[in-house]
Amino acid sequence: MELWQILLPIISSLLGGSLVTLITMRSLKVKAAAEAKTAEATAESNELENVDKAIKIWREMSERLYGELEESRRENAQFMLEVSSLKKKVTELTTTTRRIARLLDQITPDNMENKVSQIKKELE
């Protein structure tokens with residue numbers, strides 16, 4: 001048997017195996033790149049979904065808070081009307097109290113009945 005008959009199968013198997021390995025590695029590289037792009041697109045999609053969910057939560061919270069603010073404004077307006085009414089009533093009662101105090105200061109044994117009737121009129 002000659003040397004070329006021994007070397008030829010060894011060389012062809014080495015070259016053929018290397019060629020198959022290179023082709024396989026190339027296809028694996030392409031596949032890995034495609035999977036990486038798919039994973040990146042999925043991550044972006046999930047991120048956008050999360051942002052949409054967060055926006056929805058914030059929007060719902062702001063709408064609820066706006067409703068509460070409007071209700072508080074209505075209540076505040078009602079309280080302001082009540083406070084104004086109470087201030088007016090306090091002013092009236094203060095004035096009446098001052099008049100009665102002046103009349104009480106003017107009471108003497110001689111005019112007691114007259115001043116008591118004036119005070120009763122003030123209280124009516």
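We did not get these values from a lab; they are worked out from the coordinates using the rules stated. Small disclaimer: the values here were computed from a predicted structure and weren't measured. Note: ideal-geometry Cβ built from the backbone for every residue, glycine included; neighbour counts use all protein chains shown.
Of note:
- Distance between the modelled labels on T42 and I119, one decimal in nanometres: 9.3 nm (7 Å Cα→Cβ projection).
- Euclidean distance of C-alpha centroids, region 107-122 and region 71-106, integer Å: 26 Å
- In a reduced charge model with +1 at each Lys and Arg Cβ and -1 at each Asp and Glu Cβ, region 44-124 shows a dipole moment near 840 debye about its Cα centre.
- Gain on full stretching of the segment that runs from N76 to A33 - 0.36 nm per residue minus C-alpha separation: 9.1 nm
- FRET efficiency for R99 and Y66, using Cβ-Cβ distance with R0 set to 41 Å, rounded to 0.05: 0.25
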